[in-house]
């Protein structure tokens, strides 16, 4: 598997290259945003690890650019710990966010979690057909499409691969509680069963994209202290 790492810290870049190469990954590197984009276009990596604070286009700008043509998972590794920075990166199309400093073990766990489903995608294995309506929004799991028909239009809503994972678990259990532990274990692995704040962030992102009023959700319901439930339209 080919991984692109973009960071303007040469020591970190070298350490990550050595670590990931030792794990059997083919590693590409870039020291700024512009070279990250050009390398991604030329090499088509299966996964990207990006810093946010890079010269010549920051990480969020790189994410926007890459998301114009690639669905490869993107892991942001940044010293910016604020919620606003995380939300900006996820809104732009990142799939995961790791705050510096971090342990090598956690980085490798995040990489494994993001790449677990890549073989199925590359082999063309589509999930069983399931089309669901949430008000004006139609979700087609097999086609991996979300269409908003509000006002007689037809607007495509993009979900990140991780958002699809969260949504699919809820869609396959309509009206039923899906515990936080189930979601965290299924998507990120058993080592992340306590990362409930992280899960709340993804649910918040889904509500912004799928609910008319994210502050008063109609479909993505929180069961306090337990997990989440997806309520579908009647009929």
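The numbers here are math on the coordinates, done by the rules we state, and not lab data. Owing to the predicted nature of the structure, the values given are computational and were not obtained by experimental measurement. Cβ coordinates were reconstructed from backbone atoms using ideal geometry, including for glycine residues, and neighbour counts include every protein chain displayed.
A few points about this structure:
- Where Rh is the Kirkwood radius over Cα pairs, Rg/Rh for the chain: 0.97
- Of all DSSP beta bridges confined to the chain, the antiparallel ones make up roughly 50%.
- Among 53, 93, 82, residue whose mean-square fluctuation peaks in a GNM of the chain (springs only between Cα atoms under 10 Å): 82
- Site pair residue 218 and residue 116 shows an inter-label distance of 3.3 nm when each label is modelled 7 Å from Cα along Cα→Cβ.
- Rel. contact order, % - alpha carbon contacts under 8 angstrom, at least six apart, region 46-184: 16 percent
- Ellipsoid semi-axes for region 4-133, based on the Cα gyration tensor and the rule √(5λ), read 23, 18, 15 Å when sorted largest first.
- Its convex hull of Cα atoms gives region 166-219 a direction-averaged projected area, equal to a quarter of the hull surface, of 3.7 nm².
- Helical content alone sets the calculated 222 nm signal of the chain at -12000 deg cm²/dmol, taking -39,500 (n - 2.57) per DSSP H segment of four or more residues and averaging over every residue.
- Inter-probe distance in nm under a simple model that places probes 7 Å from Cα toward Cβ, at residue 42 and residue 11: 2.8 nm
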